Amino acid sequence: MDRLKGKVAVITGCSSGVGAVTAQKFAAEGAKVVISARRQQQLEEVADKIRAAGGEVLPVVGDISKPEDAQALIDRAVEAYGAVDVLVNNAGVLDTGLRPIDRVLDSDMDRVLDINTKGTMYCIRAALSAMTKTGKGSIVNVSSAAGVVGNGGAAYVASKAAILGITRHTALRFAGTGIRCNAICPGTIVTPMVAGMRPDNMDMDMFGQMGKHSDMRVPPCMPDDVANMLLFLASDESRAITGQTIVSDFGSTL
């Protein structure tokens, strides 16, 4: 307990899945959590659970693909709590049906990259304006095993691989300043986001090719598995770690 006591943590994509579980876990560990998502009702439900458990939470509705919303999220956190100690870039979307590079839709490239990649960069940029004032901070980006080995739709893979590059760039830029940046790369996670994936709406050729980098005998990640990794990287227990990518997939992509 109290692994994040006194810290202010901003977490995106908190209406369900990994974000919701992470917010509850961080609050239970003593953090003041500022949670964000586009869906107000679901976000408020998560906030109510945190409050019921005795945690402190500020829900902020917004769309991180808009730079002004990303900045407003950080501004609200600083206005309410005076600082931002932790940023977890969890918000993300899937592409349409695992379309490979030769069949990828322009609309998917725009939508997925705007949210997954540009949204992450907008939030990092905004958070750094607050973290540099205090000389400390931990940024943790949720990428994907797809960004490491390419096993996904082209737009999604590109968006998640780019996150790994910006993670290393940010870590290098701020090395030695007290501000850290790391990424985790979960494999398949059992969340509402993947619930709509069915054979009739997926590119089965790409699905078959993905088998080359997947061991179907190992279990998928659960939101709690990912939240535990985020908690470690957010806490001072990992203070010597920056610029690193950790794949969390039970070894399915080895």
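The values are calculated or read from the model by the stated rules, or taken from the named source; none is laboratory data. Note that this is a predicted model, so its numbers are computed, not measured. A quick note on method: Cβ atoms are made from the backbone with ideal geometry, for glycine too, and the neighbour counts reach across all protein chains shown. Ligands, DNA and RNA are excluded from the accessible area calculation, which covers all protein heavy atoms including side chains. Shrake-Rupley method; radii C 1.70, N 1.55, O 1.52, S 1.80 Å.
Taking helices (runs of 4 or more DSSP H) as the structural unit, those lying wholly within the stretch 50-158 and holding at least 3 residues that are modelled with pLDDT of 95 or more correspond to 67-81, 106-112, 119-134.
Cβ separations smaller than 6 Å between residues 6+ apart or across chains give the following pairs from the stretch 218-236 residues that are under 18 Å from Gly17 (Cα atoms) to residues that are modelled with pLDDT under 95 and open to solvent by 60 Å² or more (accessible area, probe 1.4 Å): Pro219/Phe250; Pro220/Thr188; Pro220/Val190; Met222/Val190.
Being among the acidic types (Asp, Glu) and farther than 26 Å from Ala9 by Cβ is the filter; apply it to the stretch 101-136 and report the residue that is least open to solvent (accessible area, probe 1.4 Å). Checked the stretch 101-136; the qualifying residue least open to solvent (accessible area, probe 1.4 Å) is Asp108. Looking only at the stretch 145-154, residues that are open to solvent by less than 10 Å² (accessible area, probe 1.4 Å) and out of contact with any Leu (no Cβ under 7 Å at 6 or more places or on another chain) come to 2 in all. Can you name every residue in the stretch 73-100 that is open to solvent by 20 Å² or more (accessible area, probe 1.4 Å) and polar (S, T, N, Q)? Those that are open to solvent by 20 Å² or more (accessible area, probe 1.4 Å) and polar (S, T, N, Q): Asn90, Thr96. On inspection, Val46 does not qualify as part of a strand (DSSP E or B) and either open to solvent by less than 60 Å² (accessible area, probe 1.4 Å) or at pLDDT 95 or above (or both).
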